[in-house]
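K.L.:
What follows is a single structure, and I will ask about it in a moment.
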Amino acid sequence: MSPAIRVVLLGAPASGKGTQGRKIAQALGVPKISTGDMLRAARDAGSELGRKADGIMSAGQLVPDALVINLVDERLREPDATGGCVLDGFPRTVAQADSLEELLRKRDERVDVALHLEVERGLLMERAILRRTDVRTGQIYHMKYNPPPAGAEVEHRADDREEAVSKRLDAYDAMTAALVPHYQNRGVLRVVDGVGSPVEVSARIETVFEELGRAIRLG
Ligand code: AMP
């Protein structure tokens, strides 16, 4: 069996973390853990956490650190995460990164690679506004470059509308961009140009994993 590997995906909203994260997780045989997906599931289930997070998410703001840290702590204890994971959308603040480090340290584990998908703001805006998600499969589409097939039931996330996207990008610049130097200081940062088709970006990610000695095919 391959050694466990824990990957953090860094990148602004709509930089491709969800799309690439799914493929990376599948290729490594580990779960993709997305705090955004978990919060949306909690909201759809109408749980107390979901009710707390709902308004914050629609406004494009960050949910309090303690709530997401708790979610991730519980999720990482599940058996399928013992061989590693791909974290998508977590950590989003330095405080979350510190908590993650602490959680993992207690289990003698660590973040092995922080993959930063770099995309400029104008393009992120367009991607989010044109992004649609298949409500059944979670597959992500782009109305211009990768439209959904006829008959697919897709939704446009409320927080992918222009005003909320702008706020989410501001939150990224204010809170999350600091994670890039944070992981650079720990020697685990790898930067990937996130501009191009999903297949082009996947090829760049394959090169990174090859250099890390964990060659994967992202198909
Ligand atoms: P995402 O699907 O990762 O873009 O997340 C959607 C929304 O969920 C974000 O805009 C935040 O409101 C909330 N969220 C997801 N992950 C986090 C996190 N790690 N910290 C705080 N808020 C989060």
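K.L.:
So what is the relative contact order for the stretch 10-62, in percent, with contacts set as C-alpha pairs under 8 Å and at least six apart?
P.N.:
Values: 23 pairs, mean separation 8.7, N = 53.
With pairs under 8 Å counted, the relative contact order is 16 percent.
K.L.:
Taking all protein chains together and a probe of 1.4 Å, list TYR183, TYR172 from the most accessible to the least accessible.
P.N.:
Working: TYR183 5, TYR172 30 Å².
Descending order: TYR172, TYR183.
K.L.:
If you take every DSSP beta bridge fully contained in the chain, what fraction is antiparallel? Give it as a percent rounded to 5.
P.N.:
Counting only bridges with both partners in the chain, antiparallel ones make up about 25 percent.
K.L.:
Taking every eigenvalue of the Cα gyration tensor of the stretch 71-113, multiplying by 5 and rooting it, what semi-axes result, largest first, whole Å? If you can, show how the numbers build up before the last one.
P.N.:
Numbers: eigenvalues 49, 28, 20 Å².
After scaling each eigenvalue by five and taking roots: 16, 12, 10 Å.
K.L.:
Counting helices only, and only those DSSP H runs with n ≥ 4, report the 222 nm mean residue ellipticity of the chain as the sum of -39,500 (n - 2.57) divided by its residues, in deg cm²/dmol to the nearest 500. Please report the intermediate quantities before stating the final value.
P.N.:
Details: 9 runs with 99 residues, N = 219.
Counting only the DSSP helices, I get -13500 deg cm²/dmol.
K.L.:
Out of the total accessible area of the stretch 68-150 (probe 1.4 Å, heavy atoms of protein only), what percent is carbon and sulfur?
P.N.:
Details: 2120 of 4200 Å².
For the stretch 68-150, the apolar C and S fraction of the accessible surface comes to 50 percent.
K.L.:
A further question follows. Rank-order 152-160, 123-131 by packing density, defined as the average count of other C-beta atoms within 10 Å over each peptide's residues, highest first. Could the numbers behind the result be given before it?
P.N.:
Numbers: 152-160: 15.2, 123-131: 18.6.
In decreasing order of mean packing, 152-160, 123-131 become 123-131, 152-160.
K.L.:
Running Debye on the stretch 125-219 with equal point scatterers at the Cα sites and no solvent, what base-10 log of I(q)/I(0) appears at q = 0.24 Å⁻¹?
P.N.:
-1.17
K.L.:
Further question on the same structure: Along the charge dipole of the chain, Cβ charges K/R +1 and D/E -1, which of ILE69, GLY213, SER47 sits furthest on the positive end?
P.N.:
GLY213
K.L.:
By average Cβ neighbour count within 10 Å, what is the ranking of 71-80, 50-59 from highest down? Don't jump to the answer; show the numbers that get you there.
P.N.:
Numbers: 71-80: 14.1, 50-59: 16.0.
The densest-packed peptide leads the list: 50-59, 71-80.
The values are calculated or read from the model by the stated rules, or taken from the named source; none is laboratory data. Predicted, not measured: the structure shown is a model, and the values here were computed from it. Glycine also receives a Cβ, built like all others from the backbone with ideal geometry; neighbour counts cover every protein chain displayed. We work out accessible area using only protein heavy atoms, side chains counted, and drop any ligands, DNA or RNA first. Shrake-Rupley method; radii C 1.70, N 1.55, O 1.52, S 1.80 Å.
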